[in-house]
Structures are given as structure tokens and as C-alpha cells.
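As C-alpha cells, the structure follows; a few thoughts come after it.
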């Protein structure tokens, strides 16, 4: 899988996969046409529904954006709930209601991370419509966010937010399986907002905003002990200055950097920006960890993403940490989103 993903973003589409991509495009276009024409049923929720998705496979920053939106909506007086596929989950039944203490094997990593960071209701089901119905039935939510689901056309949506990786963008420009695209880039012309995670040089006639993922704390997996990144940077800088003055080794603190996410390079860059020297260890997205995966010959500390950490809590040691990050977005975005959401709330849902 790593080799395939690497080729999507570094090389031209494989010629032998192009026919398969053509079939994929035909199937997806036909499927969408059935929903748009009314020949297949579309379910509309009783409250406004916001889809946060993308047109590529892999991590673009949807989960941090969902957490950010939930917090902003709560602050504005809304009662948000979240639906998700729950990728990698093996729940006792579906729809499954994710709690902050749910087993990660039941919930999947991203859904559990959302529940813990927002305290909002989270329901998972591969069938997003069933997840929405269950959320409506059991919780008093007045807005629903769908983590992913842009291509789940059986679920009506009022607002679409597409997240684009500002660095990797659309890879080799080919549809699956020859490339990373679920839909062609022209699909972005139809969304309400584009959020560009990283450098933004897109040219679409759609309101586009820049998002960054800002490291905030280094957190100990076992104890929950937290250290502000700003303080860590100052301490490291001071240590280097003192070492240089004394003629000692002024090299940066070296750690094992573990990532099983869609774009591990972004995480590695963040750690380097924090002042760490890293030894990288890359796993597939949504990798199910064992102790052996994070055990290395030396005694150096291990730093991973929060998404990885939720799968390591049962066997984490005193050397294991995760990097907490917050989404940082242009202020104009949340103002524009709230304005559009308020319009739907009043005109459509009363």
C-alpha cells in the first residue's frame, strides 16, 4: 500500500491501471446520476447537515477540522452531532454510538478521537444514512456533521466543505486505482467551501480558506501529563545555547517518530519544527498497533500522532508520547459558515 500511495504522488499513472480508472469513473458517475435524478432515494435529515470530505484518498486533515467545527458550533450555541464510517471498526452492532471510553477496536481511531476531543455525540456506520437516523433518534442535535461522506450521495447535505492537501494536492491527477482521486477536481466547483491544508494556490470559483495544524502540547499516553510546545521549544533552545557556550554537543533531542496516517510527512515536519531530531517509522493509515511496533533497540522516547496513540493506550510505556494539534483557520471562514448555516436553519428547518 505504501508503494502505491508513493506512486500516486510522485509519478505518472500506471498505464495498466488506466482502464480500471475509466471503469471506476463510469461507475461513480452513473451512481451519482441515479441519486441526482431521483431514481435512487436520498434521505434528508431533520436538521442541517454539513459534510466535511475530500476528493482524494488519504489524510487531508478532515478529523482536526471536524473537531474545530464542533467546538465552534458549541460556542455559537448549536448542539452538534457527528456521523462517520468508523473506518477499521469492529463494533458489536451498527449503528454504533461512540463514547469517550469506547474500545478503539469497536469505534475505529478517528471516531474515538472526535468523541474524546469534542464531547459531542458520535455515531458510526458504513451506511451514513443509518448513522444519521440513529443520531436523530437518540440525541437532541440541531446540526449534524459528517466526517467524510462527500461521495455518499444517499445522504442529502446542506453544506459541503472539501478539504485539500495544499502540498500533495491531487497527486498524479488520476482516478482510483491509478491515482488518489475519488472524483475529478472539477467536483470542487460544486462545493460550498474549500479548506486548503497548507499552502493554497487553488483557482476555483468557490470560497477558499487556509488551514494549518498547529502543535500545542506533547502529551504522555499513560499519565496524561502535558507540556506546552512553546515551553518545549524554549527549553530546547536554551539547552542548545548552553551547550554551545560550554563547547558541548548542541544537537537536537532525538526521538522515534511513529505515524500510521494518510500523510505522515506532515507530522514529521511538525516534529522537526518543534525542535526534535527524528527517526521516522511509517505504518499504513489506520494501522492496528502492537507493542512490538513501537519497541526499538534503544531507549529513546517515542512520539506519535494522537490518532495512533488511541490504539496504543493498553500497552504504552513511560517513553511513549503523542503530539496534540489544533486546526487553525482563517477567521473569515467560520463567519461565512455560520452565516450560511443560519440561513438553512431558518428557511429550511424552521
Residue among 108, 81, 59 that alone is at positive phi and not assigned by TED's automatic domain parsing to the domain that holds residue 304: 108
Neighbours by Cβ (under 8 Å, 6+ apart or cross-chain): first from the range 251-277, on the phi > 0 side of the Ramachandran plot; second outside any loop (DSSP other than H, G, I, E, B) and surrounded by fewer than 21 Cβ atoms within 10 Å (Cβ to Cβ): 275/232; 275/233; 275/236; 275/237; 275/253
Criterion: out of contact with any helix residue (DSSP H, G or I) (no Cβ under 9 Å at 6 or more places or on another chain) and modelled with pLDDT under 95 - qualifying residue of 347, 292: 347
Among residues of the range 207-235, those that are surrounded by fewer than 16 Cβ atoms within 10 Å (Cβ to Cβ) and free of Cβ contacts under 8 Å to residues at least 40 places away in the same chain, counted: 9
Conditions (1) touching a helix residue (DSSP H, G or I) at 6+ places or on another chain (Cβ under 9 Å); (2) crowded, with 19+ Cβ neighbours inside 10 Å: number failed by residue 271: (1)
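With respect to residue 78, determine if the residue is surrounded by 14 or more Cβ atoms within 10 Å (Cβ to Cβ), touching a strand residue (DSSP E or B) at 6+ places or on another chain (Cβ under 9 Å) and either in a loop (DSSP other than H, G, I, E, B) or without any contact (Cβ under 8 Å) to a residue 60 or more places away in the chain (or both). Before the answer, list the steps.
On the way: surrounded by 14 or more Cβ atoms within 10 Å (Cβ to Cβ): yes; touching a strand residue (DSSP E or B) at 6+ places or on another chain (Cβ under 9 Å): yes; either in a loop (DSSP other than H, G, I, E, B) or without any contact (Cβ under 8 Å) to a residue 60 or more places away in the chain (or both): yes.
Spelling it out, residue 78 is indeed surrounded by 14 or more Cβ atoms within 10 Å (Cβ to Cβ), touching a strand residue (DSSP E or B) at 6+ places or on another chain (Cβ under 9 Å) and either in a loop (DSSP other than H, G, I, E, B) or without any contact (Cβ under 8 Å) to a residue 60 or more places away in the chain (or both).
Mind telling me which of the residues 115, 91 ends up being part of a helix (DSSP H, G or I) and without any contact (Cβ under 8 Å) to a residue 60 or more places away in the chain? Reasoning before the result, please.
Numbers: 91 fails: part of a helix (DSSP H, G or I).
After applying the criteria, what remains is 115.
Residue-by-condition table, conditions (1) buried (at least 22 other Cβ atoms within 10 Å of the Cβ); (2) out of contact with any helix residue (DSSP H, G or I) (no Cβ under 7 Å at 6 or more places or on another chain); (3) in a helix (DSSP H, G or I):
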{"position": "111", "(1), (2), (3)": "yes, yes, yes"}
{"position": "126", "(1), (2), (3)": "no, yes, no"}
{"position": "130", "(1), (2), (3)": "no, yes, yes"}
{"position": "133", "(1), (2), (3)": "no, yes, yes"}
{"position": "150", "(1), (2), (3)": "yes, yes, no"}
{"position": "169", "(1), (2), (3)": "no, yes, no"}
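Of the residues 66, 50, which is assigned by TED's automatic domain parsing to the domain that holds residue 191, assigned to a helix (DSSP H, G or I) and touching a residue at least 24 places away in the same chain (Cβ under 8 Å)?
Values: 50 fails: assigned to a helix (DSSP H, G or I).
Just one listed residue meets the conditions, 66.
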The range 95-109, subset in contact with a strand residue (DSSP E or B) (Cβ under 7 Å, 6 or more places away or on another chain) and not in a strand (DSSP E or B), residue nearest to residue 49 (Cα to Cα): 95
Selected residue (only one of 259, 230 is over 21 Å from the mean Cα position of the chain (by Cα) and farther than 29 Å from residue 153 by Cα): 230
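Within the range 237-268, how many residues turn out to be over 24 Å from residue 9 (Cβ atoms) and out of contact with any helix residue (DSSP H, G or I) (no Cβ under 9 Å at 6 or more places or on another chain)?
The first filter runs over the range 237-268 and keeps only residues over 24 Å from residue 9 (Cβ atoms), leaving 237-256.
Of the ones still in play, those that are also out of contact with any helix residue (DSSP H, G or I) (no Cβ under 9 Å at 6 or more places or on another chain) are 237-247, 254.
Residues in the range 237-268 being over 24 Å from residue 9 (Cβ atoms) and out of contact with any helix residue (DSSP H, G or I) (no Cβ under 9 Å at 6 or more places or on another chain): 12 in total.
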Single condition residue 244 does not satisfy, out of (1) out of contact with any strand residue (DSSP E or B) (no Cβ under 9 Å at 6 or more places or on another chain); (2) surrounded by 12 or more Cβ atoms within 10 Å (Cβ to Cβ); (3) part of a helix (DSSP H, G or I): (2)
Which numbered condition residue 99 misses (of (1) over 16 Å from the mean Cα position of the chain (by Cα); (2) touching a residue at least 24 places away in the same chain (Cβ under 8 Å); (3) over 30 Å from residue 186 (Cβ atoms)): (2)
Breaking point among (1) in contact with a strand residue (DSSP E or B) (Cβ under 6 Å, 6 or more places away or on another chain); (2) without any contact (Cβ under 8 Å) to a residue 40 or more places away in the chain, for residue 166: (2)
Any chance residue 115 is assigned by TED's automatic domain parsing to the domain that holds residue 8 and under 21 Å from residue 24 (Cα atoms): no
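The values are calculated or read from the model by the stated rules, or taken from the named source; none is laboratory data. Given the structure is predicted, the values throughout are model-derived calculations rather than measurements. Positions of Cβ are backbone-derived with ideal geometry, glycine not excepted, and every protein chain shown enters the neighbour counts.
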